[in-house]
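What follows is one structure encoded as structure tokens, with my remarks underneath.
Here, each number is a calculation from the coordinates, and none is a lab measurement. This one's a predicted model, so the numbers in the text were calculated from it and none came from an experiment. Backbone-built Cβ (ideal geometry, glycine too); neighbour counts: all protein chains shown.
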Amino acid sequence: MITIPSVVASLVILLGLAGIVVPILPGTVIIGAAIIGWAAFSGGEAAWWAAGIAVTLLIIGALVKFAVPHRRLKDVGVPTSTIVIGGVLGIVGFFAIPVVGLFVGFIGGVWLAEARRLGVRNARPSTKSAIGAVGLSILIELAFGLLATAVFLGGVFFSAA
């Protein structure tokens, strides 16, 4: 049986998934909050199991989202200082340029740091790796968001049964 809490949670989860792809909103946090809110309103063992599993998946996804791209950048020789500069300028960009500022700031920061370290002509490979890392990060977060969504849908199904 479809309930109002499950419909509202589904809509909020869709908003969270959109927030992952277009990082204006903290998509993972929104998805987790929607699922926990649904479990609180729905009650029942199946709802809480689904919420626990979904939130665990979201936490794992958040950790993997940062670890894997960081490792790939380190493997191609991008130093930690470059990643930190890219991260700081990504945060600045997030507030300065709506929607795409995080990406523009991160990639620009990596390019600036690598241009300073290696010279303008040699900064391009590191910057390409940074672009790939940003894309991989989004895909990882989206995959775990979709897994959590699937667990939520299973919880809705089993809660109604």
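Summary table below
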item	result
Angle between the chain longest axis and helix 45-75 axis [Cα atoms, degrees, rounded to 10]	10
Principal-axis tilt of helix 101-118 within the chain, Cα atoms, nearest 10 degrees	30
Charge dipole magnitude, Cβ of K and R +1, D and E -1 - the chain, Cα centre, debye nearest 20	780
For the range 80-107 and the range 124-161, distance of Cα centres in Å	21
Lys/Arg +1, Asp/Glu -1 at C-beta; the range 4-160 dipole; positive extreme among Gly155, Gly87, Ile138	Gly87
Overall form of the chain per C-alpha gyration tensor (a/c, 1.5; a/b vs b/c)	prolate
Projected label distance in nm at Val8 and Val21, using a 7 Å step from Cα toward the beta-carbon	2.6
Alpha carbon Rg of the range 68-141, scaled by the compact-globule rule 2.2 N^0.38 Å	1.01
Residue-averaged 222 nm ellipticity for the chain, from DSSP H runs of 4+ at -39500 (n - 2.57), nearest 500	-30000 deg cm²/dmol
Tail weight of P(r) past 21 Å, computed on alpha-carbon pairs of the range 1-83, percent	42
